[in-house]
């Protein structure tokens with residue numbers, strides 16, 4: 001099975017939560033199966049898990065598929081490329097989706113991204129990918145061009 005991650009599932013924290021939720025859902029399904037042959041009980045799942053199951057064509061009632069997915073998600077957690085984006089403000093959901101889509105197209109279909117905000121960077125972004133840090137912040141540009149601040153400000 002090759003897992004497809006929905007664009008709204010993008011961080012290691014979300015994947016960790018999904019692993020736990022998949023384990024819980026599989027256990028609940030085993031309990032339901034042990035209680036009766038009539039498996040009509042419906043279980044509630046998070047929106048993220050529902051989306052993940054739907055995107056990967058997995059029935060919430062299939063314990064073996066849930067367990068296989070849980071193992072694949074755990075493997076993705078330990079091997080997927082992860083980047084950390086530091087922005088001046090938290091991005092909107094639409095902007096996050098654009099960023100995730102770009103990472104999943106250009107870097108890896110399983111790329112994970114975390115977002116954090118720090119207002120002192122002024123704008124732009126600081127990206128940490130592995131041990132590399134790429135500083136595209138306005139703060140860095142201002143510090144690098146201190147002599148031009150008066151010129152830019154019109155003083």
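A short reminder: the numbers here are calculations on the coordinates, not readings from a lab. Everything numeric here is computed off the predicted structure, so don't read it as measured data. Glycine also receives a Cβ, built like all others from the backbone with ideal geometry; neighbour counts cover every protein chain displayed.
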Go through 76-82, 116-122, 49-55 and give me the packing order, highest mean Cβ count within 10 Å leading.
49-55, 76-82, 116-122
Relative to the first principal axis of the alpha-carbon coordinates of the chain, what is the inclination of helix 93-106, with its axis defined by its Cα atoms, in degrees from 0 to 90 and to the nearest 10?
90 degrees
Of all beta bridges DSSP finds with both residues in the chain, what is the antiparallel percent, to the nearest 5?
60 percent
For the chain, what is the calculated [θ] at 222 nm in deg cm²/dmol (nearest 500), taking -39500 (n - 2.57) for each run of four or more DSSP H residues and dividing by its residue count?
-15500 deg cm²/dmol
Using only alpha carbon pairs under 8 Å that are at least six residues apart, calculate the relative contact order of region 12-78 and give it in whole percent.
53 percent
If each residue's Cβ is checked for other Cβ atoms within 10 Å, how do 71, 96 rank with the fewest at the top?
71, 96
Give me the three principal axis extents of the chain from the C-alpha atoms, as integers in angstrom, largest value leading.
81, 25, 20
Can you sort 127, 113 so the residue with the fewest Cβ neighbours within 10 Å comes first?
127, 113
Which whole-number percent gives the relative contact order of the chain, counting Cα pairs below 8 Å spaced six or more residues apart?
25 percent
Spherically averaged projected area of region 40-129 from its Cα convex hull (nm²):
7.3 nm²
What order, most packed first, do the peptides 8-15, 56-63 have when packing is the mean number of other Cβ atoms within 10 Å of each residue?
8-15, 56-63
